[in-house]
Amino acid sequence: MSLSTTPLTPEIVSHEGNAMVLSMGPQHPSTHGVLQIMLEIEGENVIKLEPEIGYLHTGIEKNCENLFWSQVQTNVERMDYLAPSSNAFCYVLAVEKLLGITDAIPERAQVIRVLQAELTRIASHCVQLGTHAIDLGAISVFFYCFDLRENILDLQEAAGGARMHPNYLRVGGVNGDLPDGYLERVDALIAKFPGRMRELRGLLQANPIFQDRTIDVGYMSPADAVSWSVTGPPLRASGVAYDVRKALPYSGYEHYDFDVPTRTDGDAYARFLVRLDEMEQSLRIIEQARKKLNTPGPVVIDDPKIVAPPKETIALSMEALIHHFKIVSEGFRVPPGDVYQSVEGPRGELGYYIVSNGENRPYRLRTRPPSMYNLQCLKGMAPGNLIADLVVMIGSLDPVFGEVDR
């Protein structure tokens with residue numbers, strides 16, 4: 001933190017009496033990224049707050065407009081480096097809707113996508129829980145969470161070839177079937193999960209220090225949550241049971257049996273409990289997807305103008321070689337039109353608005369990032385609380401700044 005005698009933001013323009021302006025970040029570890037928060041404080045009490053974003057601006061949306069449709073996937077995964085498969089999932093669904101091939105995606109590919117999305121949700125929540133606990137001094141929780149996350153990243157690497165940005169979900173399906181032994185490793189994770197969740201709840205849920213730091217901190221009413229366009233766990237912790245998987249089902253989520261966890265307290269502790277509950281609901285979905293994967297089948301559409309033919313056919317077929325060359329050198333073209341597609345990411349509703357002019361690149365691509373909308377509610381949530389409570393609030397919202405500064 002650094003002190004400043006001159007207000008740096010338009011909204012914090014004056015201070016009286018004992019008030020001072022405090023710059024929290026953008027390098028502060030508790031801001032969970034390069035976020036600057038300008039505070040007007042009296043002693044340790046926050047009077048006014050203004051978040052300043054943009055220190056990590058990467059121009060991903062504009063860069064995507066200069067890439068082939070297939071190349072865009074590698075960029076959008078990097079918006080949320082804790083849940084790359086969620087971004088890829090949303091993007092491929094949007095492009096498939098523009099192509100008119102939504103109903104043609106093979107059933108096995110749909111199930112694999114759901115499996116990857118729920119594994120990603122658990123892994124992302126593990127990062128939030130572990131780092132949030134570190135903010136409050138509970139070091140050991142971090143290792144319990146990251147051990148579980150490592151198991152999921154191992155599965156992600158086995159399927160897509162990379163731990164962080166696998167580029168496994170593709171327009172038309174997924175990039176190859178699951179490797180041998182993958183489902184057995186999923187079974188091992190399913191067997192391990194209940195015990196690990198008992199450990200996490202035992203370490204934090206009834207911990208008196210954790211409760212003192214989070215209960216009644218960062219309260220957000222249901223009306224305020226809706227007015228700030230908050231989604232995901234922060235919204236459901238305020239009692240609003242909105243989940244894109246239930247409200248606007250995609251990829252067969254309507255056929256899975258799971259609940260939408262909610263709490264009514266609307267504070268940081270409620271947001272913590274909702275994420276724990278969500279991890280258990282994700283496991284329910286994973287167990288159902290695992291059973292569906294016992295049935296073999298294709299994992300990508302059979303359309304060589306959209307999906308490159310199998311490499312083993314290139315040496316045997318001139319047509320396959322031509323299609324492969326065209327896909328690699330020019331990509332594929334998408335009919336003119338525009339579409340908005342949303343999914344339920346770990347942080348809330350993630351959406352892509354994409355415009356096509358009929359070319360082999362997006363004409364416009366814009367994101368509805370949950371972190372940006374969730375973060376803005378700090379302006380209404382923080383005043384009247386302590387600076388130390390602000391650290392708790394930021395962690396409880398779980399912002400990812402690749403989304404905020406896209």
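The values are calculated or read from the model by the stated rules, or taken from the named source; none is laboratory data. Note that this is a predicted model, so its numbers are computed, not measured. Cβ: placed from backbone, ideal geometry, glycine included. Neighbour counts: every protein chain shown. Surface accessibility is based on the protein's heavy atoms, side chains included, excluding ligands, DNA and RNA. Shrake-Rupley method; radii C 1.70, N 1.55, O 1.52, S 1.80 Å.
Looking at the structure I just gave you, is V307 open to solvent by 10 Å² or more (accessible area, probe 1.4 Å) and touching a residue at least 40 places away in the same chain (Cβ under 8 Å)? When the stated conditions are applied, V307 passes them. Scanning segment 201-212 for residues that are touching a residue at least 60 places away in the same chain (Cβ under 8 Å) and either open to solvent by 70 Å² or more (accessible area, probe 1.4 Å) or in a loop (DSSP other than H, G, I, E, B) (or both) yields Q205, N207, I209. Yes or no: A237 loosely packed, with under 15 Cβ neighbours inside 10 Å and at pLDDT 95 or above? Against the criterion (loosely packed, with under 15 Cβ neighbours inside 10 Å and at pLDDT 95 or above), A237 does not qualify. The single condition among (1) in a loop (DSSP other than H, G, I, E, B); (2) basic (K, R); (3) under 18 Å from E50 (Cα atoms) that K379 does not satisfy is (1). Here is the figure for segment 168-195: residues that are touching a Phe, Trp or Tyr at 6+ places or on another chain (Cβ under 7 Å) and not hydrophobic (A, V, I, L, M, F, W, C) total 1.
Residues in segment 306-326: is at least one closer than 28 Å to A123 by Cβ and of a type in the set (K, R)? No, segment 306-326 has no match at all. In the set L115, L136, only one residue is closer than 20 Å to V274 by Cβ and either small (G, A, S) or in contact with a helix residue (DSSP H, G or I) (Cβ under 6 Å, 6 or more places away or on another chain) (or both); that residue is L136.
In segment 118-154, which residue that is within 20 Å of G345 (Cα to Cα) and touching a Ser or Thr at 6+ places or on another chain (Cβ under 6 Å) is surrounded by the most Cβ atoms within 10 Å (Cβ to Cβ)? In this case the residue turns out to be E118. So, D338, is that one touching a Pro at 6+ places or on another chain (Cβ under 9 Å), charged (D, E, K, R) and open to solvent by 10 Å² or more (accessible area, probe 1.4 Å) or not? No: the conditions fail for D338. In segment 87-114, the residues that are over 17 Å from G176 (Cβ atoms) and assigned by TED's automatic domain parsing to the domain that holds Q71 form Cβ pairs under 7 Å with partners that are open to solvent by 10 Å² or more (accessible area, probe 1.4 Å) and in a helix (DSSP H, G or I), at six or more places apart or across chains, as follows: E96/T102.
One residue stands out in segment 347-370 among those that are open to solvent by less than 80 Å² (accessible area, probe 1.4 Å) and free of Cβ contacts under 8 Å to residues at least 60 places away in the same chain: the one that is farthest from G395 (Cα to Cα), namely G358. Residues that are surrounded by fewer than 18 Cβ atoms within 10 Å (Cβ to Cβ) and either touching a residue at least 12 places away in the same chain (Cβ under 8 Å) or of a type in the set (S, T, Y) (or both) within segment 242-264 comprise K246, L248, G252, D257, D259, V260, T264, listed in sequence order. Against the condition at pLDDT 90 or above and either in contact with a helix residue (DSSP H, G or I) (Cβ under 6 Å, 6 or more places away or on another chain) or not acidic (D, E) (or both), how does P310 come out, does it pass? No, not satisfied. Taking segment 59-84 as the range and being closer than 25 Å to C126 by Cβ, in a helix (DSSP H, G or I), open to solvent by less than 10 Å² (accessible area, probe 1.4 Å) and among the hydrophobic types (A, V, I, L, M, F, W, C) as the test, only V76 passes. Within segment 219-241, the set of residues being outside any helix (DSSP H, G or I) and without any contact (Cβ under 8 Å) to a residue 60 or more places away in the chain comprises S221, A237, S238, G239, V240, A241.
Of all the listed residues (I37, I47), the sole one being open to solvent by 50 Å² or more (accessible area, probe 1.4 Å) and modelled with pLDDT of 65 or more is I47.
Tell me, yes or no, whether segment 336-356 has at least one residue that is more than 30 Å from P233 (Cα to Cα) and basic (K, R). No: segment 336-356 contains no residue that is more than 30 Å from P233 (Cα to Cα) and basic (K, R). Selection within segment 174-200: residues that are open to solvent by 50 Å² or more (accessible area, probe 1.4 Å), of a type in the set (D, E, K, R) and part of a helix (DSSP H, G or I). The member of this set that is farthest from N374 (Cα to Cα) is E184. Of the residues R271, R275, R290, only one is open to solvent by less than 70 Å² (accessible area, probe 1.4 Å), in the same structural domain as L67 (by TED's automatic domain parsing), over 25 Å from V141 (Cβ atoms) and under 24 Å from the mean Cα position of the chain (by Cα); which? Answer to the check: R290.
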